[in-house]
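The values are calculated or read from the model by the stated rules, or taken from the named source; none is laboratory data. What you are looking at is a predicted structure, and each value in this text was computed from that prediction instead of being measured. Counting neighbours? That spans all protein chains shown, and the Cβs are built from the backbone with ideal geometry, glycine included. Surface areas here come from the heavy atoms of the whole protein model, side chains and all, with no ligands, DNA or RNA. Shrake-Rupley method; radii C 1.70, N 1.55, O 1.52, S 1.80 Å.
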Amino acid sequence: MADVVFFDLDGTLVDHRSAVLEAIGRIVGAAPNATAPPEELVASWWALEARHMREYLSGRCSFAEHHRRRLRSFLPALGEPVPDSPGLLDAWIAERYLPVFEESWRCYPDVQPCLEALRRLPRGPRLAVLTNGDPGQQRANLARFGLLESFEGVLTPTELGAAKPAAYAAACRRMRTDPAQAVNVGDMLESDVNAAARAGLTGIWLDRGVDFATGGPSPTADGAVLRIERLTDLPGRLPRTNA
């Protein structure tokens, strides 16, 4: 049995994509001066999130600045002026985007049954969350659904000094385990599964039937990839890992 199971958060434990689309969908639907149809604006916001999140994760900007950069690119298409002040950009995010985004968070229904089944395993693994998100936001996300106490650690780039995929070695050190005794579970085939395997962990792909980045069909995985469609399948797959 594995010593530690790391869980990705967005797209694995919590439906991040639906929350983003709900929040920005309300905003663009109420924009009288928008320069494009709502569906184009929603797709643009999602693309901007991916681009500027990569900049944050590579250390090229702060978490707050990644929001500002996204907004500077997006407001002209929304038909709104772009404030010069970072504080005004922060206020737009805090007042118009985050309340609906956080209100729209949903925990996937297979999460609690999975965690309960893992707790019932004899000599079951220790559990941790390994996420590239903002630590305060991610802990609030877990606390909202009563999940925070289920995990021994919530590890983010802030604590580890690196984002996934570079964070896997640091996460194992933080949890005092060898990579060969660790499992990483996530919905992103490359960053959660293949990158974890290259770092010496066992990667297990949670294929929820949609590509998190594009919203299209799931990517095609190599036949050797350990794949599950529901988190409730995870406890039965752990004995097959290389731990």
Being part of a helix (DSSP H, G or I) and surrounded by 20 or more Cβ atoms within 10 Å (Cβ to Cβ) is the filter; apply it to the stretch 179-190 and report the residue that is modelled with the highest pLDDT.
Pro179
Restricting attention to the stretch 68-77, report how many residues are open to solvent by less than 40 Å² (accessible area, probe 1.4 Å) and either in a loop (DSSP other than H, G, I, E, B) or among the small types (Gly, Ala, Ser) (or both).
1
Kindly list, by first and then second residue, each pair from a residue in the stretch 175-190 that is among the charged types (D, E, K, R) to a residue that is assigned to a helix (DSSP H, G or I) and open to solvent by less than 20 Å² (accessible area, probe 1.4 Å), limited to pairs with Cβ atoms under 8 Å and residues at least 6 apart or on different chains.
Asp178/Cys172
Only one of Arg144, Arg119 that is farther than 12 Å from Phe7 by Cβ, modelled with pLDDT under 95, of a type in the set (D, E, K, R) and touching a Cys at 6+ places or on another chain (Cβ under 9 Å):
Arg144
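Given the criterion touching a His at 6+ places or on another chain (Cβ under 7 Å), touching a residue at least 12 places away in the same chain (Cβ under 8 Å), surrounded by fewer than 20 Cβ atoms within 10 Å (Cβ to Cβ) and not β-branched (Val, Ile, Thr), identify the matching residue among Glu55, Glu49, Glu80, Glu22.
Numbers: Glu49 fails: touching a His at 6+ places or on another chain (Cβ under 7 Å); Glu80 fails: touching a His at 6+ places or on another chain (Cβ under 7 Å); Glu22 fails: touching a His at 6+ places or on another chain (Cβ under 7 Å).
On inspection, the qualifying residue turns out to be Glu55.
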Please work out which one of (1) charged (D, E, K, R); (2) open to solvent by less than 40 Å² (accessible area, probe 1.4 Å); (3) in contact with a Leu (Cβ under 8 Å, 6 or more places away or on another chain) is the condition Glu65 fails and give its number.
(3)
Quick check on this structure: which one of Glu102, Glu116 is of a type in the set (Asp, Glu), under 18 Å from Val20 (Cβ atoms), open to solvent by 20 Å² or more (accessible area, probe 1.4 Å) and within 22 Å of the chain's Cα centre (by Cα)?
Glu102
Would you call Asp110 at pLDDT 95 or above and open to solvent by less than 30 Å² (accessible area, probe 1.4 Å)?
yes
Taking the stretch 191-209 and keeping residues surrounded by fewer than 22 Cβ atoms within 10 Å (Cβ to Cβ) and in contact (Cβ under 8 Å) with a residue 60 or more places away in the chain leaves Arg208
Only residues in the stretch 88-109 that are within 16 Å of Trp45 (Cβ to Cβ) count as the first member; pair them with residues that are open to solvent by 40 Å² or more (accessible area, probe 1.4 Å), Cβ under 6 angstrom, at least 6 apart or cross-chain, and list the lot.
Leu89/Arg68; Val100/Arg26; Ser104/Glu22
Residues of the stretch 188-206 that turn out to be charged (D, E, K, R) and within 20 Å of Ala50 (Cβ to Cβ), as a count:
2
